[in-house]
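Take a look at the structure set out below.
The values are calculated or read from the model by the stated rules, or taken from the named source; none is laboratory data. As the structure is a prediction and not an experimental result, all values here were calculated from the model. Every residue, glycine among them, receives a Cβ derived from its backbone with ideal geometry; neighbour counts consider all protein chains shown.
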Amino acid sequence: MEFGLSLGHSSKSFEFLTKNQEFTTTTNNTVGELAKSIGTKGLVARQVVDIASTGVSTVGMEELEFIHLHKTAALLETTVVLGAMLGRGDAAKVEQLRKFARCIGLLFRVVYDILKVTKSSWVCTVKIFGSAQ
């Protein structure tokens, strides 16, 4: 847990540095976005909740949604948003793409979990990726 919090604070430093420049470049914005996505409100937060939920027989809908939104959905969202920012997309388009990627990532996670519970994930993996690992 200490490692996760330490990583979260380190990423917060990147976010702080990029937000407090006299002029902000596309690179600064993307570094800030990346730092935010892995920090104490991003992947690190998900890891803390995920670990705290391990072994718990019932996880509430809010915790489950938080974990999923900060897992696959966050990874997809970050890559799509960074691409849009580096491609110099305007703020409105970046936010539209953010919402789209978050929804697709959440959908993927839910479907994956259902397939995992029904023991169909192996079949799904073979069909999607063409081989089993």
Is there a residue being at positive phi and basic (Lys, Arg) anywhere in segment 89-108? no
Here are some residues: Glu95, Glu65. Which one is more than 14 Å from the chain's Cα centre (by Cα), closer than 19 Å to Leu106 by Cβ and not small (Gly, Ala, Ser)? Glu95
Which one is surrounded by the most Cβ atoms within 10 Å (Cβ to Cβ) among residues in segment 1-50 that are over 21 Å from Arg98 (Cα atoms), modelled with pLDDT under 75 and of a type in the set (A, V, I, L, M, F, W, C)? Leu7
Segment 52-105, residues that are of a type in the set (Lys, Arg), in a loop (DSSP other than H, G, I, E, B) and surrounded by fewer than 18 Cβ atoms within 10 Å (Cβ to Cβ): Arg88
Among the numbered criteria (1) over 20 Å from Thr25 (Cβ atoms); (2) not in a helix (DSSP H, G or I), which single criterion is violated by Phe108? (2)
Would you please list the contacts, defined by Cβ atoms under 7 Å and residues six or more apart or on different chains, that run from a residue in segment 87-103 that is within 18 Å of Thr25 (Cα to Cα) to a residue that is hydroxyl-bearing (Ser, Thr, Tyr)? Arg88/Thr26
